[in-house]
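Working notes, beginning with the structure itself.
What follows is calculated from the coordinates using simple rules that are stated; it is not laboratory data. Everything numeric in this text was worked out from a predicted model, so none of it was measured. As a convention, Cβ positions derive from the backbone with ideal geometry for all residues, glycine included, and neighbour counts pool all protein chains shown.
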Amino acid sequence: MKHRVLQIGPITPPADARLARDYDIAPLWKQPDPAAFLAEHGAEFEGIVVHVRDACDASILESLPNAKVIANFGVGYDKIDVDTAKRLGIQISNTPQVLDGCVADLAMGLAIDVARGISTTDRFVRAGGWKSGQRPLMTRVHGKNMGLLGFGGIGQAVGRRAAGFDMTVRYNTRRPVEGFAGQHVASLVELAKWADFLVVACPGGAQTRHLVNAEVLDALGPRGILVNIARGSVVDEAALVRALQEGRLGGAGLDVFENEPNVPEALLAMDNVVALSHIAGFTRESRADMEALVCDNLDAYFRTGRVLTPV
């Protein structure tokens, strides 16, 4: 007998195929009335698979009295009601580490792009602007100060890459991280005052919402550059727009936004902003690793009672 698993939304074709092969999968997104379906069949399910983009809230969890594991496809889990899951004794897994390198690569790419004006200059050349003049001087990256908001796997990977550019790295977290180079700074505002680049690499969710506010942006200053490869909710987007419009912030490299896929038109109009479509983990290699790990977590739970990478 295959274990009965509720899949809230599609993952990827390879992951969906493996799940369908190994489990008795019920695709919730295909049900005409999901609430009615859960009310009738909720007790049948032993596990849940969810994509990072899809909500797994209290109403879903409480309708699944026999589900004891959630396999989340993604590092972030801010759309899962973690408190309710814990109360119900449900283990949650995510797919950490497999994305760290690719996300860190992109963070450095955004920092370099904004500082050196790569995307802007590409548009300048394509439009024929070079024939009548040259772009203004930009700023170097090597030897500068990089501040990291968050110092988990991704933050540390960014820090190692920054060290390769002879940058000085400091970080802000609730408590110092033992065993890693880089100075801990207890105040985010003080870190921003010191930094030339501030990279947001912390989890999303209610606890970190708008941590990067107007005060932090002002501390980063008119030559400072903000890079966000975490979650759009961590940055007060309205404050960010105002700081850039008023010249109180030097630039921003953004892979995430508050209301994806909607990006404020004001940001799109600025040459000192690089806007991407939440692609930090979008590589063939990291996607294959994520597909394997979300399934491996589910397999491990049903084999041993414990997931491999618990939240």
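Worth pointing out:
- Using a Förster distance of 41 Å, the FRET efficiency for LEU137-VAL189 (Cβ separation, nearest 0.05): 0.90
- At the listed q of 0.11, 0.14, 0.16 Å⁻¹, the Debye profile of segment 42-193, built from one uniform point per Cα, gives log10 I(q)/I(0) equal to -0.65, -0.85, -0.95.
- Listed residues PHE151, VAL294, GLY128: farthest to the positive end of the dipole of the chain (Cβ charges): GLY128
- Cross-link pairs exceeding 22 Å between alpha carbons, from the set LYS2/LYS86; LYS2/LYS30; LYS144/LYS193; LYS2/LYS79: LYS2/LYS86; LYS2/LYS79.
- Relative to the longest principal axis of the Cα atoms of the chain, helix 284-304 runs at roughly 30 degrees.
- Across segment 157-311, Cα pairs under 8 Å and at least six residues apart give a relative contact order of 14 percent.
- Equivalent ellipsoid semi-axes, segment 178-311, via Cα gyration tensor eigenvalues times 5, rooted, Å: 33, 19, 13
- The Cα atoms of segment 100-275 define a convex hull whose projected area, averaged across directions, is 10.0 nm².
- If both residues of a DSSP beta bridge must be in the chain, then about 5% of such bridges are antiparallel.
- Applying 1/(1 + (r/R0)^6) with R0 = 41 Å to the Cβ-Cβ distance of ALA39 and ALA269 gives a FRET efficiency near 0.30.
- Degrees separating the helix 100-116 axis from the principal Cα axis of the chain, which is the longest one: 20 degrees
- Where a label projected 7 Å from the Cα of ARG87 along Cα→Cβ would reach, residues of segment 42-61 with amide N under 11 Å: 58-59
- The helix-only estimate of mean residue ellipticity at 222 nm for the chain, built from DSSP H runs of length n ≥ 4 each weighted as -39500 (n - 2.57), is -10500 deg cm²/dmol after division by the residue total.
- Sparse-neighbour loop sites [GluC sites (Glu not before Pro); segment 205-296; at most 13 other C-beta within 10 Å; DSSP]: GLU246
- Between segment 222-260 and segment 130-194, the Cα center-to-center distance that results, in Å: 16 Å
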